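If you scroll down you'll find the structure; I have some questions about it.
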Amino acid sequence: MTLTTDDRLLYAGADWNFDTIQQVHDAIERIAVGDMGLDVYPNRIEVITAEQMLDAYASNGMPLYYKHWSFGKHFVQHEMMYRKGMRGLAYEIVINSNPCISYIMEENSTTMQALVIAHAGFGHNHFFKNNYLFRQWTDADAILGYLDFAQKYIADCEEKHGHRAVERVLDAAHALRTHGIFRYPRTKVADLRSEEQRERERHANQERIFNDLWRTVPGGDVQLSSPTSSDRRRALLQLPQENILYFLEKTAPRLAGWQRELLRIVRQIAQYFYPQMQTKVMNEGCATYCHHRIMRRLHDEGRISDGAWMEVMHSHTNVIFQPEFDDPRYSGLNPYALGYAIMEDIERICLDPTDEDRAWFPDIAGTPDHMAVLRDVWANYRDESFILQFLSPKVMRDFRLFHIIDDAAQPRIRVDAIHDERGYRRLRRALARQYDVAWLDPDIQVIDVDLEGDRRLRLQHRVLDSITLEEADAQRVLGHLADLWGYDVLLEEISAETGGKLKEHSASPRNRVI
Amino acid sequence: MHIIDRRLNPKGKSLTNRQRFLRRVKAQVRQAVRESSARRGVQDLEQGGELSIPREGVREPSFRRSSSTGIRSGVLPGNKDFVEGDTIPRPPGGGGRGNEGSPDGGGEDDFRFVLSRDEFIDLFLEDLELPDMIKQRTAASDQMVPLRAGYSVSGSPANLALTRTMRNSMARRLALKRPKGAEIRSLYEEIEALERSGRDPQRLTALRATLADKLRMSRQIPYIDPLDVRYRRFQQVPKPVAQAVMFCLMDVSGSMSESMKDLAKRFFMLLHLFLKRRYERVEVVFIRHTHIAQEVDEDTFFHDPQTGGTVVSTALDEMLKVVRARYPAGDWNIYCAQASDGDNTTSDNRRAAQLLADTILPLCQYYAYIEVGRSDGGPEPFGLGSRDRESDLWRTYRTIADRGGPMVMRQVRHRREIFPVFRELFRRASEGSPTP
């Protein structure tokens, strides 16, 4: 065996330095942008240590975040798992911002760094920049600035009003985080940059119009407003309203200005993460597909050695490993595996379609430019619609998917559909539904409140498939909600099918001064 | 593309979050620390460790759909032999449905995490207190710290207080109307212009007179006068240093078994740990005794077997000797822990009691006597129902302890008793009296 150094090789060995990273990045960029036609934000690659990676984990991967005990909780949890070797660290964290920031760990070999750059710096990056959900909902240019503002604002509040007071509001807001999201686009596009400005102006305005005299004006004979009809009242309050945090921010009678601002911050950040929740399979599938194709091309061109290619394949197969349902390692469908499989299948359908594919996918079967098809898919779908549209019988057969129905009223679980001719469509529909956030998150809306009467806030949960709320948790969240609202709250669970009331929860505020 | 090296950025960005988390669950963590400390050795105590606390306090609730009601459906991979219409028994405990686990992962009853060593010891020693810390003497030598104390008119150039000096100078210049540089410059320029043009000789003369006047004034009134100069003044302040010496006295005669020594060792180490956190400087003196006593190093103290009779007063004598030679009671906080199985030559009891009551106790901040028993049955000094049958030394010492004074005594018979006994001895006064 002879050792030869090939001029075309980008690097040799596992050690890297900033020059090799730069070279690797440039080579990858040439393939990604030139050959695959990806459209990306400029990349910013930050090298961090394992310890810093743990830090980043605890705050949703964001480089800056406000302080809260729950992040500490996640930190100690990750730390223990990592120390015990129960869980490795992710190789990278990538942030949907402009420029697109990817963190890579110093311990990784050059090949791993290349893989990570292809995966995060081009795969995820392209997805963030082009997918319609991200374009509609997130403001990549301003997110870091906004987080910085949020961090400072909350630290400031802690100084002014005390840790406990701030923590109580944040606890309550976090509990309602999943219901602080606008699920339907509004006319105004998110503009996080102006948020700080808006807050400052509001504050300045308050200072300007402050007049101590108002305090001395005798109260008592409040004008009796004419009794408005309940319809008009609801219209004024924009009810029914599914964004509970928004409703509280605008309407809760007892909250101070800074408390409303905290709700707003939690709400804005939840909104920022909302597209990521809806595109887990697609996002990871896109990144995995990109890194695989890019690294394969590098290997084909002789830019990386056979050994490096083996290393790539090793981690690639680890990433897309899907244990079967009865495997002790099974913990749900692996989004990397599913996303990659479907995308690889789309490529196959384009380039080498079978009769079945022509019947199922007449639009794309046989299209010569598979990258154009994929780019279109990445731009215009989310997990639910993606699976509903592109999960092919072949992938269902490969995964040997089957659909079960677990009716609490029945003693046994029933197998509803399997990967056969009769089951394909039902199976696909059921799987798509599993990824529909509107179905995963319970549909809870504020329906009415009488601000001039007892001010009791009424909410409604439209129960689908008679799956009611987890009792203990619902009670806790409702307690938080009552604290924020300042008066009693009532949550009714109404069956969507029959309209009958299934359950009722209520809570009263625990402390008068949240 | 940019590459940024963040490896040198400060670590522990999550530290404040971690502290917030610990603060929130403090009560539960404290409880868990107590429980786990009973199970571990003293060396382990130094290492922090894994804790588990009830999940209740750290729950982050959200509206979730229940996992036990209604009609749920799921798509799973890896079908082996199911066909449509098959029915399967429900797996016990609702397992096998990975996507419905709790969001915290695991779904265990307890929340487990790791505490660092410092966090652990802090919590462990949290509500303990050293009794009688009055004698926090300031040691005489090299413990002075310079402290800023205003300004002085003399000092070394290095300590020149520039701002203060310039402020004084400016005040003086203003008050005495010293002409400014700019004024003089403009006079010069005007004179020069007049000289060149040759017009208005009258004004020229006047200007020259003014200039001469101003120049004289600025010579007479210096820019900076020695009067203005100030120096930063430092005062030497004695730095209070709390130092403590800890005497470990142990009977190493044949009747002390290895397990007894182990008990004693644990107690000594705990005390050392505790003192170390309260005093900047803690020295330890090991004195072992049989019928003779000697000061030894730690290793010899715990591991070197000795034979001989038991005369407790020899150890007390030795301790006194060391105190007189090296640790004057005025400068040192003296703590003493004695461990013994309770044996003593009967004739020595009186002398030991006398020595202790009259000489040693007045010197000490605290004197702890630990009588170790055997946990493993066997020929033990206390026999069965030993709490009733007291040893000679115990009886002797009790008369002293009953008279008051900084002395406590306890019996320890098993490793698990060490921590409770220790906690009892050093419990904060508000929680109950430390003396038996």
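The values are calculated or read from the model by the stated rules, or taken from the named source; none is laboratory data. As the structure is a computational prediction, the values presented were derived from the model and not from experiment. A quick note on method: Cβ atoms are made from the backbone with ideal geometry, for glycine too, and the neighbour counts reach across all protein chains shown.
Right, B:G57: in a helix (DSSP H, G or I), more than 26 Å from B:E424 (Cβ to Cβ) and at pLDDT 65 or above or not?
Against the criterion (in a helix (DSSP H, G or I), more than 26 Å from B:E424 (Cβ to Cβ) and at pLDDT 65 or above), B:G57 qualifies.
Is it the case that some residue within the stretch B:289-303 is at pLDDT below 80, of a type in the set (D, E, K, R) and more than 24 Å from B:T345 (Cβ to Cβ)?
For the stretch B:289-303, residues at pLDDT below 80, of a type in the set (D, E, K, R) and more than 24 Å from B:T345 (Cβ to Cβ): present.
Does the stretch A:421-466 hold any residues that are small (G, A, S), within 14 Å of A:L388 (Cβ to Cβ) and either touching a strand residue (DSSP E or B) at 6+ places or on another chain (Cβ under 8 Å) or modelled with pLDDT of 90 or more (or both), and which are they?
Of everything in the stretch A:421-466, those that are small (G, A, S), within 14 Å of A:L388 (Cβ to Cβ) and either touching a strand residue (DSSP E or B) at 6+ places or on another chain (Cβ under 8 Å) or modelled with pLDDT of 90 or more (or both) turn out to be A:A430, A:A432.
Another one. Kindly indicate the residue of the stretch A:429-457 that is part of a strand (DSSP E or B) and under 25 Å from the mean Cα position of the chain (by Cα) and also nearest to the other protein chains (Cβ to nearest Cβ) among those meeting that condition.
A:I444
Return the total of residues in the stretch A:303-335 being part of a loop (DSSP other than H, G, I, E, B), within 14 Å of chain B (Cβ to nearest Cβ), closer than 30 Å to A:E29 by Cβ and in contact (Cβ under 8 Å) with a residue 24 or more places away in the chain.
Number satisfying all stated conditions: 1.
Next question. Among the numbered criteria (1) of a type in the set (D, E, K, R); (2) buried (at least 20 other Cβ atoms within 10 Å of the Cβ); (3) in contact with a helix residue (DSSP H, G or I) (Cβ under 6 Å, 6 or more places away or on another chain), which one does B:D228 miss?
All conditions pass for B:D228, except number (2).
Per-residue answers, yes or no, for (1) touching a Ser or Thr at 6+ places or on another chain (Cβ under 9 Å); (2) touching a residue at least 40 places away in the same chain (Cβ under 8 Å); (3) at the interface with chain B (Cβ under 8 Å from one of its Cβ atoms):
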| site | (1), (2), (3) |
| --- | --- |
| A:P393 | no, no, no |
| A:F399 | no, yes, yes |
| A:I404 | yes, no, yes |
| A:R412 | yes, no, yes |
| A:A417 | no, no, yes |
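For the stretch A:103-112, which positions are more than 10 Å from chain B (Cβ to nearest Cβ) and surrounded by 24 or more Cβ atoms within 10 Å (Cβ to Cβ)?
A:T111
Now a separate question. Mind listing just one residue for me: the one in the stretch A:20-70 that is free of Cβ contacts under 8 Å to residues at least 24 places away in the same chain, surrounded by fewer than 18 Cβ atoms within 10 Å (Cβ to Cβ) and facing chain B (nearest Cβ under 10 Å) and, of those, nearest to B:R6 (Cα to Cα)?
Filtering first and then ranking leaves A:E51.
Next question. If a residue must be over 26 Å from A:V377 (Cβ atoms) and not in a strand (DSSP E or B), how many such residues does the stretch A:391-419 contain?
Total meeting the criteria: 4.
Same structure again: Considering only the stretch B:188-205, I want to know if a residue exists there that is among the small types (G, A, S) and in a helix (DSSP H, G or I).
Yes - at least one qualifying residue is present in the stretch B:188-205.
Can you say whether A:N380 is in contact (Cβ under 8 Å) with a residue 60 or more places away in the chain and either out of contact with any helix residue (DSSP H, G or I) (no Cβ under 9 Å at 6 or more places or on another chain) or away from every other protein chain (no Cβ under 14 Å) (or both), as far as the supplied structure shows?
Against the criterion (in contact (Cβ under 8 Å) with a residue 60 or more places away in the chain and either out of contact with any helix residue (DSSP H, G or I) (no Cβ under 9 Å at 6 or more places or on another chain) or away from every other protein chain (no Cβ under 14 Å) (or both)), A:N380 qualifies.
Are there any pairs, at least 6 apart or on different chains, whose C-beta atoms fall under 8 Å, with the first in the stretch B:5-24 and more than 7 Å from chain A (Cβ to nearest Cβ) and assigned to a helix (DSSP H, G or I) and the second β-branched (V, I, T) and surrounded by 20 or more Cβ atoms within 10 Å (Cβ to Cβ), and if so, which?
Listed by first residue and then by second, the contacts come to B:L22/B:V29.
I'd like the residue in the stretch A:261-301 that is polar (S, T, N, Q) and in a helix (DSSP H, G or I) and, out of all such residues, is surrounded by the most Cβ atoms within 10 Å (Cβ to Cβ).
A:N283
Okay, next question. Taking only pairs six or more apart or across chains, which ones have beta-carbon atoms under 8 Å, a first residue in the stretch B:218-232 that is among the basic types (K, R), and a second residue that is assigned to a loop (DSSP other than H, G, I, E, B)?
Going by the 8 Å Cβ cut-off, the qualifying pairs are B:R230/B:V153; B:R230/B:A161; B:R232/B:G155; B:R232/B:A161.
Let me ask something else. If you take the residues of the stretch B:304-350 that are surrounded by fewer than 14 Cβ atoms within 10 Å (Cβ to Cβ) and under 26 Å from the mean Cα position of the chain (by Cα), which of them is modelled with the lowest pLDDT?
Looking at the filtered set, the residue picked out is B:G330.
Here's something else I'd like to know. Mind telling me which of the residues A:Q460, A:Q475 ends up being within 13 Å of chain B (Cβ to nearest Cβ) and either surrounded by fewer than 18 Cβ atoms within 10 Å (Cβ to Cβ) or more than 27 Å from the chain's Cα centre (by Cα) (or both)?
Among A:Q460, A:Q475, only A:Q475 is within 13 Å of chain B (Cβ to nearest Cβ) and either surrounded by fewer than 18 Cβ atoms within 10 Å (Cβ to Cβ) or more than 27 Å from the chain's Cα centre (by Cα) (or both).
Further, regarding this structure: Residue under question is B:R410, and the condition is that it be in contact with a Phe, Trp or Tyr (Cβ under 9 Å, 6 or more places away or on another chain) and at pLDDT below 80; does it hold?
no
Name every residue in the stretch A:130-152 that is surrounded by fewer than 18 Cβ atoms within 10 Å (Cβ to Cβ) and either assigned to a helix (DSSP H, G or I) or touching a Cys at 6+ places or on another chain (Cβ under 9 Å) (or both), in order of residue number.
Across the stretch A:130-152, the qualifying residues are A:Y132, A:R135, A:Q136, A:G145, A:D148, A:Q151, A:K152.
In addition: With respect to B:F63, is the statement that it is facing chain A (nearest Cβ under 7 Å), more than 30 Å from A:E384 (Cα to Cα) and at pLDDT 80 or above true?
So B:F63 does not fit the description; no.
In the stretch A:337-370, what residues are within 21 Å of A:Y132 (Cβ to Cβ), touching a Leu at 6+ places or on another chain (Cβ under 9 Å) and either of a type in the set (A, V, I, L, M) or loosely packed, with under 14 Cβ neighbours inside 10 Å (or both)?
If the condition is that a residue be within 21 Å of A:Y132 (Cβ to Cβ), touching a Leu at 6+ places or on another chain (Cβ under 9 Å) and either of a type in the set (A, V, I, L, M) or loosely packed, with under 14 Cβ neighbours inside 10 Å (or both), then A:L338, A:I342, A:M343, A:I346 are the ones that fit.
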